[in-house]
Structures are given as structure tokens and as C-alpha cells.
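Working notes, structure below.
Bear in mind these aren't lab numbers, they're just calculated from the coordinates by the rules spelled out. Note that the structure is a prediction, hence the values are computed from the model and not measured. Note that each Cβ is placed from the backbone with ideal geometry, even for glycine, and that neighbours are counted across all protein chains shown.
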Amino acid sequence: MVRIRLRRIGRKKAPVYRIVVADSQSPRDGKFIEIIGQYAPRQSEGGLSVDEDRANYWMNVGAQPSDTVRSLLRRAGVLKRRHEARTGRTVVSKAPVVEEQPDLSNVIPISEDTAAEA
């Protein structure tokens, strides 16, 4: 079975993980098929990067993410967008929708007298 899981790299006491696609029989830091992201748990921001297209591809062909990788994919928003794409829903943006007002600078106002004649 093919799994999407973490592979540890980095120095002692400073872990950095690569999100890799690997056979479930291979060891944690052993042979892998493809690198699809990176996770640095000690960074406050920007510690997670995932190639969403490749993650979706591997999940479509049957790769199962580990529990930790599943939570990281959820945090990155990959699983939510995948679910919404599969159910046919559109992604709702959190930004308020601003409707543009029509340009009224060229419009001549109609007085009540001319409106009654027409």
C-alpha cells in the first residue's frame, strides 16, 4: 500500500519533515517515491508547504495519508478544497463581496415636469 507520510530531516533538536509518498513497507527515512511538501513544526509561520496538485493526484490513485499528514493537509486546506471539488460546491471566500456602483456622472437628471410630458 502506498502512504503519504513524514520523513524526518534536519539537525538534532531542530526537526524538519518532508511530506513524501512512500510504500508502507519502507522505513521512515528510507526509500520514497516522491516529495510533495515540507513541514517545519518549530517555525511559527510558513512552516507548512504542500504541492496540492500532487497530493490530490496521489490520493486519487489510492495513497492513504498518515494521521499526522492528514491533519497537516487539513490545516493547509487541501482536504477541504478536495471535498468541495468532489461534491460540486464552490469555495466561498471570506472576503466581503463589494458590488460596483454604476457610473452616474453622464446621466442627466429628469425633472418632474419633463417626466409628466413623456
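Figures for the structure shown
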item	result
Radius of gyration, Dmax [the range 1-59; alpha carbons; angstrom]	11.8, 33
Distance between modelled label sites at residue 110 and residue 64, nm, 7 Å Cα→Cβ extension	7.0
